[in-house]
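Novice: This is the structure, below, for whatever I ask next.
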Amino acid sequence: MDLTALIDNFSKQGLDVKDLVVLSGGHTLGLAQCRTFRDRIYNDTNIDQGFATQRQASCPRVGGNSTLAPLDPSPAFFDTRYFSNLVMKKGLLHSDQVLFNGGQTDNLVNTYCGNIRVFANDFA
């Protein structure tokens, strides 16, 4: 899904671009199954290759669909590492990485990346 489609989906729910970015920051917690990020780690070009290789080690091209990987490096902590990962092209999900890919949401990602207080306040 591209950024425009994500924005449209959020807009249909009465949410704006800021809502999209800050609510996506909820991915600072938790895990994802291999089947949800396989295409990204094998086919996307806007991904850090070291990160892709690391994820490929536990998520093969075929099988392992339910193998879990953290959505960010600290999946049990509410922090800004999710946004830092996006800046470094290490977003696990394609739908996350589109938030930092030269588009209109880059500035918000940068803001949240560098300021936990702003992110936590907006998320609340």
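The values are calculated or read from the model by the stated rules, or taken from the named source; none is laboratory data. Computed from a predicted structure; not experimentally measured. We place every Cβ from the backbone using ideal geometry, glycine too, and count neighbours over all the protein chains shown.
Novice: I'm told residue 50 meets every condition in (1) within 18 Å of residue 87 (Cβ to Cβ); (2) surrounded by 13 or more Cβ atoms within 10 Å (Cβ to Cβ); (3) out of contact with any helix residue (DSSP H, G or I) (no Cβ under 9 Å at 6 or more places or on another chain) except one. Can you identify the failing condition by its number?
Specialist: So residue 50 meets the others, but not (2).
Novice: Let me ask you something else. For segment 1-27, which positions are polar (S, T, N, Q) and surrounded by fewer than 19 Cβ atoms within 10 Å (Cβ to Cβ)?
Specialist: 4, 9, 11, 13, listed by residue number.
Novice: If you go through segment 28-45 one residue at a time, how many are loosely packed, with under 14 Cβ neighbours inside 10 Å and either closer than 23 Å to residue 102 by Cα or among the small types (Gly, Ala, Ser) (or both)?
Specialist: Qualifying residue count, segment 28-45: 4.
Novice: Of everything in segment 1-39 that's touching a residue at least 24 places away in the same chain (Cβ under 8 Å) and of a type in the set (S, T, N, Q), which residue is nearest to residue 68 (Cα to Cα)?
Specialist: The extreme case among them is 33.
Novice: Given the conditions (1) more than 10 Å from the chain's Cα centre (by Cα); (2) closer than 12 Å to residue 26 by Cα, which single one is not true for residue 83?
Specialist: Evaluating residue 83 over (1) more than 10 Å from the chain's Cα centre (by Cα); (2) closer than 12 Å to residue 26 by Cα leaves (1) as the failure.
Novice: If residue 42 meets every condition in (1) in a helix (DSSP H, G or I); (2) in contact (Cβ under 8 Å) with a residue 24 or more places away in the chain apart from one, which number is that one?
Specialist: Among (1) in a helix (DSSP H, G or I); (2) in contact (Cβ under 8 Å) with a residue 24 or more places away in the chain, residue 42 violates only (2).
Novice: Got a number for residues in segment 4-26 being closer than 13 Å to residue 104 by Cβ and either outside any helix (DSSP H, G or I) or at pLDDT 90 or above (or both)?
Specialist: Of the residues in segment 4-26, 5 are closer than 13 Å to residue 104 by Cβ and either outside any helix (DSSP H, G or I) or at pLDDT 90 or above (or both).
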